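Worksheet for the structure shown next.
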Amino acid sequence: MQLPLVIIGAGSIGMRHVEVAQTCPDTCISAVVEPFGPRRAELRQMGLNAVETLDAVPPKTRAAVIATPTPDHHLSTMACLDRGWPVLVEKPVTATLDQANQVVESAAARGLPLITGHHRRCHPFSRATRAALGEIGELVGVQGLWSLRKHDSYYDAEWRRQPGAGPLMTNLSHELDLLRFFLGDIEEISALTSNARRGLVIEDTAAMALRFAGGALGSFLISDAGASPWSFEGASGENPAIAASHQDYLRFVGTEGALEFPSLTNWGRSGPGEIEWSRPLRRTDAPAFEKIDPLLDQLARFTDLVNGGGDDVLCTGEDGARALEMTLAAALSAKQGRPVRAGEVPGHYTGV
């Protein structure tokens, strides 16, 4: 039997969820919630049951996908949980830690699945990386570089020039969740920011140092002003709006070798004895991975979870809260000029 779900929000990401829900054989759309009247009319012309509020959603509905702007995530998630619906909410899970903790606690109290839409975990090469990291010994560190030059007209919209709209709060949470998926909790983050290239109030570049609970260290450079082939989107080719480069953008270093992501190119032992700098490392290329729609895979996994299955890939509400916490910690670190540890971010802080 198909899972009837409501999709809340009919913007670009909401319509991607409509697309995958229509494609997924295990789901059907009971309604799309859209408060803007002209947009509802357009949705109805597409054959969708577009309604203005949650109160108009058909009673057969069993789950919800929330794809509204971030400030609405908290209220919409609580409203859906109150109706007894499991929730898949787009990232970030909420705008603040207080809100994130409330929705996580509410879902747990009701025994309802709460999933944050960090879909990058669902790619086959992401899932394979967790296993491959065990082949390079004890992890020493990770280096990441995400630099995609957003077109100048991207910043024509006034809200995109306001505090909180730079790459720290817009793009970083994707990277931090993926690093947590691979390496576990981040204990501390320190950030420097610059707006020197675009000259806007918001940052266009940030450099970060990270400390992981397992003892590994990391560095990450993120920029929307620098042109480069190095980013998740460029490497994976998952987003048709962003040019594919198929260049690795993460490098993991361990005591027994190294691993590049997302190609999973492995550099390891070339012979017996100690691995040390006078001995060359042997390169091993990974097999090609099946190309999937990660949003479709995410929805299929969510559906299985709602129907009583198990999953160790999806980003839980708690995982989403931790990614949000360290994203906010990076913004706070840049603002205060000091490292920020987990547990130090004020519950009401929005990153501004």
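Using only Cα positions of segment 113-198, each an equal point scatterer, no hydration layer, compute I(q)/I(0) via Debye at q = 0.19, 0.21 Å⁻¹ and quote the log10 values to two decimals.
Here the Debye-derived log intensity ratios amount to -1.07, -1.19.
Quickly rank 310-319, 234-243, 147-156 as a protection proxy: mean count of other C-beta atoms within 10 Å, highest first. Let's see the in-between values first.
Working: 310-319: 16.7, 234-243: 15.0, 147-156: 13.1.
Highest-to-lowest ranking by the protection proxy: 310-319, 234-243, 147-156.
Please work out the C-alpha center-to-center distance from segment 54-109 to segment 186-260 and express it in whole Å.
Computed from Cα coordinates, the inter-centre distance equals 30 Å.
Starting from 0.36 nm per residue, how many nanometres of slack lie between Ala288 and His151 once their C-alpha separation is accounted for?
On the way: separation 137, 0.36 × 137 = 49.32 nm, distance 3.16 nm.
Fully extending the segment from Ala288 to His151 adds 46.2 nm.
Can I get the semi-axes of segment 306-352's equivalent ellipsoid? Compute them from the C-alpha gyration tensor as square roots of 5 times the eigenvalues, in angstrom, largest first.
Details: eigenvalues 172, 18, 12 Å².
In descending order, the three semi-axes are 29, 10, 8 Å.
Give me the three principal axis extents of segment 222-271 from the C-alpha atoms, as integers in angstrom, largest value leading.
44, 20, 11
Would you work out the Kirkwood radius for the chain? I mean one over the mean of 1/r across all pairs of different Cα atoms, in Å.
Numbers: mean 1/r = 0.0468 Å⁻¹.
When all Cα pairs of the chain are included, the Kirkwood radius is 21.4 Å.
Using only the C-alpha atoms of segment 24-80, find the volume of their convex hull and express it per residue in Å³. Walk me through the numbers on the way to the answer.
Details: hull volume 5.6 nm³, N = 57.
Dividing the Cα hull volume of segment 24-80 by its residue count gives 98 Å³.
Kindly report the accessible area of segment 63-165 per residue (heavy atoms of protein chains, probe 1.4 Å, no ligands, DNA or RNA), in Å².
Details: 4210 Å² over 103 residues.
The answer is 41 Å² per residue.
Report the equivalent ellipsoid semi-axes for segment 163-251 in whole Å, largest first, defined as the square roots of five times the eigenvalues of the gyration tensor built from alpha carbon atoms. Working shown, then result.
Working: eigenvalues 93, 73, 23 Å².
In descending order the semi-axes read 22, 19, 11 Å.
With both partners inside the chain, how many of the DSSP beta bridges are antiparallel, as a percent to the nearest 5? Kindly include the intermediate steps, with their values, before the conclusion.
Values: 34 of 59 bridges.
Beta bridges within the chain, antiparallel portion: roughly 60 percent.
In square nanometres and to one decimal, what's the mean projected area of the convex hull around the Cα atoms of segment 175-221?
On the way: hull surface 13.7 nm².
Convex hull of Cα atoms, orientation-averaged projection: 3.4 nm².
Quick one: give the max-minus-min coordinate of the C-alpha atoms of segment 232-331 along each principal axis, largest first, in Å.
Largest to smallest, the principal-axis extents are 52, 34, 31 Å.
May I ask for the angle, rounded to the nearest 10°, between helix 12-23 and the longest principal axis of the chain, with both axes built from Cα atoms and the value confined to 0 to 90°?
80 degrees
With θ set to phi - 60° and the Karplus curve 6.51 cos²θ - 1.76 cosθ + 1.60, what are the ³J(HN,Hα) couplings of segment 38-55 in order, to the nearest whole Hz, using x for Gly and Pro?
x, 5, 4, 4, 5, 5, 5, 5, 7, x, 9, 7, 8, 10, 7, 9, 5, 5
Could you give me the percent of Cα pairs per 10 Å distance bin for segment 1-100, shortest bin first, beginning at zero and ending with the bin that holds the maximum distance?
Reading the bins upward from 0: 16, 52, 29, 3.
Would you please state the base-10 log of I(q)/I(0) at q = 0.19 1/Å for segment 54-143, with intensities from the Debye formula using one equal scatterer on every alpha carbon?
Relative scattering, expressed as log10 I(q)/I(0), comes to -0.86.
Using just the helices of the chain, give the 222 nm mean residue ellipticity in deg cm²/dmol: DSSP H runs with n ≥ 4 each add -39,500 (n - 2.57), and the total is spread over all residues, rounded to 500.
Numbers: 9 runs with 112 residues, N = 352.
-10000 deg cm²/dmol, from helical runs alone.
The values are calculated or read from the model by the stated rules, or taken from the named source; none is laboratory data. The structure presented is a predicted model; accordingly, all values stated were derived computationally and were not measured. Every residue, glycine as well, gets a Cβ built from its backbone with ideal geometry; the counts of neighbours run over all protein chains shown. Please note that ligands, DNA and RNA were not included when accessible areas were found on the heavy atoms of the full protein model with its side chains. Shrake-Rupley method; radii C 1.70, N 1.55, O 1.52, S 1.80 Å.
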